[in-house]
Amino acid sequence: MTEEELRAHNQSAKQPLVIWVIFFATIISFMGLGLVDPILPAIAEKLHATPSQVSLLFTSYNLITGVAMLITGVVSSRIGVKWTLLIGILFIIVFSALAGSSNGIWGVVGFRGGWGLGNALFIATALSAIVGLSVGGTAKAIILYEAAIGLGISVGPLLGGELGSISWRGPFYGVSVLMIIAFLALLIKMPKVAKPKTKTSISDPIKALKYPGLFRLGLTAFLYNIGFFTLMAYAPFVMGLDEHGLGYVFLGWGLCLAFTSVFIAPKLQAKFGTIKSMCAMLTLFALTLLAMGIWTDSRIVIILAVIIAGLFLGTNNTLITTAVMQVAPVERSTASAAYSFVRFLGGGVGPWLANKLAEEFSPHIPFITGAIFVLLAMLVVALGRKHLAHVDKATH
């Protein structure tokens, strides 16, 4: 059945069942990001690694995810959405289990890269599938997708903290088991969707970046992801909390992220427009990182700032994803792949840079540097209004 037929078949329902199956799988997929946070200090201790070496867990994951985004369209246009999702999940199952079985930091880092390949195949395809198959328009579909991300990121640290308190290997095995459930659910419940009439080439996402609006949003995400992953990969080392404590802090962060991505972002978008709202959220996030840089020695400030940052990150994630889907005259999957390619490169640089700066200079410097990058992201959006103006028109 074609995407159009599937949508017509489900017009009477609020959302077709397949959307909720993908929603569930997306939650579990994004648990993988938050699950690791509470165990970063434990991995450093057990595997005798430095914080910058442990941060490579994020770097290898994000770099491979970013580069692999270039092939997601090539794969999905040839084998179809369903099998691309399933193969992506299969990679996550295998490589998360292998990471949990490793006895050295470089083994864990390497297997996280394989996990990143599966993640790329899954998340790029999941976004375009939810947008393409859901009822109610692009904006509502993206809010649904961001809600799944928020739930995954918020529940992940709690589960990671609980499993990590037993063993640092626990969260890796936990992801593997949960993704087996997602694999079976998709295998059984997802219908076969017709392949696109035209096959995507590996160069399509690169070519899509020639559109100034899409390029600016990608560059914005690259810069702000350096700040995002400074918070994710460096903050756990300065909080001085155990696995349980870190799990609860990042649970609070994730809940704030999930709440604002679903309920606050659409309201701000409707009242002030996408571009103004995005600039405001990036500025507030930059100020939050700056506060963390000034008061790095205060555990209370760092904990509160991490949780509060979730409010701004959740809102911005929804705003920028919505804009990406509307900013360039290319297939949604191609736009998503192009944007994600650039975005995840920032996620690869941020974690290692933050921990290296702390080791070489001062524990304050990573947060201040992250704030500067996020502020630059805001300027990229603000100075590129003419290339992004039609985004606000499309959302009204």
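Considering every residue within the stretch 290-311, establish whether at least one is at pLDDT 90 or above, part of a helix (DSSP H, G or I) and more than 27 Å from Ser362 (Cα to Cα).
yes
Given Ile275, Ile300, Ile264, Ile206, which one is in contact with a Ser or Thr (Cβ under 9 Å, 6 or more places away or on another chain) and farther than 16 Å from Pro38 by Cβ?
Ile264
Restricting attention to the stretch 376-383, does a residue exist that is assigned to a helix (DSSP H, G or I), modelled with pLDDT under 90 and within 24 Å of Ala258 (Cα to Cα)?
Within the stretch 376-383, one or more residues are assigned to a helix (DSSP H, G or I), modelled with pLDDT under 90 and within 24 Å of Ala258 (Cα to Cα).
In the stretch 106-124, which residue that is among the aliphatic types (A, V, I, L, M), under 14 Å from Phe341 (Cα atoms) and at pLDDT 85 or above is surrounded by the fewest Cβ atoms within 10 Å (Cβ to Cβ)?
Leu117
Restricting to the stretch 282-298, give me the number of residues that are more than 21 Å from Leu257 (Cα to Cα) and not hydroxyl-bearing (Ser, Thr, Tyr).
Result for the stretch 282-298: 4.
What residue, among those in the stretch 73-105 that are polar (S, T, N, Q) and surrounded by fewer than 23 Cβ atoms within 10 Å (Cβ to Cβ), is farthest from the chain's Cα centre (by Cα)?
Checked the stretch 73-105; the qualifying residue farthest from the chain's Cα centre (by Cα) is Asn103.
I need the full set of residues from the stretch 71-101 which are of a type in the set (Val, Ile, Thr) and modelled with pLDDT of 90 or more, in order please.
Residues satisfying the conditions are Ile87, Ile89, Ile92, Ile93, Val94.
I'd like the full set of residues that are more than 10 Å from Pro41 (Cα to Cα) and in contact with a Leu (Cβ under 6 Å, 6 or more places away or on another chain), limited to the stretch 225-252.
The answer is Gly227, Gly247, Leu251.
Restricting attention to the stretch 125-136, does a residue exist that is surrounded by fewer than 20 Cβ atoms within 10 Å (Cβ to Cβ), β-branched (Val, Ile, Thr) and within 27 Å of Phe341 (Cα to Cα)?
no
Quick check on my filter: what residues within the stretch 346-369 are of a type outside the set (Val, Ile, Thr) and in contact with a Leu (Cβ under 7 Å, 6 or more places away or on another chain)?
Gly346, Gly348, Trp352, Pro366, Phe367
For Ser77, are the conditions met, namely being closer than 28 Å to Ala338 by Cβ, of a type in the set (S, T, N, Q) and either touching a residue at least 24 places away in the same chain (Cβ under 8 Å) or in contact with a Ser or Thr (Cβ under 7 Å, 6 or more places away or on another chain) (or both)?
For Ser77, the condition - closer than 28 Å to Ala338 by Cβ, of a type in the set (S, T, N, Q) and either touching a residue at least 24 places away in the same chain (Cβ under 8 Å) or in contact with a Ser or Thr (Cβ under 7 Å, 6 or more places away or on another chain) (or both) - is met.
State which residue is farthest from the chain's Cα centre (by Cα) when the search covers only the stretch 359-368 and only residues that are assigned to a helix (DSSP H, G or I) and surrounded by fewer than 22 Cβ atoms within 10 Å (Cβ to Cβ).
Among those residues, the one meeting the criterion is Glu360.
What number goes with the only condition from (1) at pLDDT 85 or above; (2) crowded, with 21+ Cβ neighbours inside 10 Å; (3) not aromatic (Phe, Trp, Tyr) that His48 does not pass?
With (1) at pLDDT 85 or above; (2) crowded, with 21+ Cβ neighbours inside 10 Å; (3) not aromatic (Phe, Trp, Tyr) applied to His48, the lone miss is (2).
Residues to consider are Ala8, Ala25, Ala68; find the one that is part of a helix (DSSP H, G or I) and at pLDDT below 75.
Ala8
Do you know which of the residues in the stretch 234-277 that are free of Cβ contacts under 8 Å to residues at least 60 places away in the same chain and charged (D, E, K, R) is nearest to Ile320 (Cα to Cα)?
This residue is Lys276.
Is there a residue in the stretch 321-334 that is farther than 18 Å from Val380 by Cα, of a type in the set (Val, Ile, Thr) and surrounded by fewer than 22 Cβ atoms within 10 Å (Cβ to Cβ)?
Taking every residue of the stretch 321-334 in turn, at least one turns out to be farther than 18 Å from Val380 by Cα, of a type in the set (Val, Ile, Thr) and surrounded by fewer than 22 Cβ atoms within 10 Å (Cβ to Cβ).
Those residues that are within 21 Å of the chain's Cα centre (by Cα) and more than 17 Å from Gly110 (Cβ to Cβ), I need them from the stretch 41-72; list them, please.
Answer for the stretch 41-72, where residues must be within 21 Å of the chain's Cα centre (by Cα) and more than 17 Å from Gly110 (Cβ to Cβ): Met69, Leu70, Ile71, Thr72.
Take Ile166 and decide whether it is at pLDDT 85 or above, more than 23 Å from Leu319 (Cβ to Cβ) and surrounded by fewer than 24 Cβ atoms within 10 Å (Cβ to Cβ).
Answer is yes for this residue.
If Leu383 meets every condition in (1) more than 23 Å from the chain's Cα centre (by Cα); (2) touching a residue at least 24 places away in the same chain (Cβ under 8 Å); (3) under 23 Å from Gln269 (Cα atoms) apart from one, which number is that one?
Failed condition: (2).
The values are calculated or read from the model by the stated rules, or taken from the named source; none is laboratory data. The model shown is predicted, which means the values in this text are computed figures rather than measured ones. All Cβ positions, even for glycine, are placed from backbone atoms using ideal geometry, and neighbour counts span all protein chains on display.
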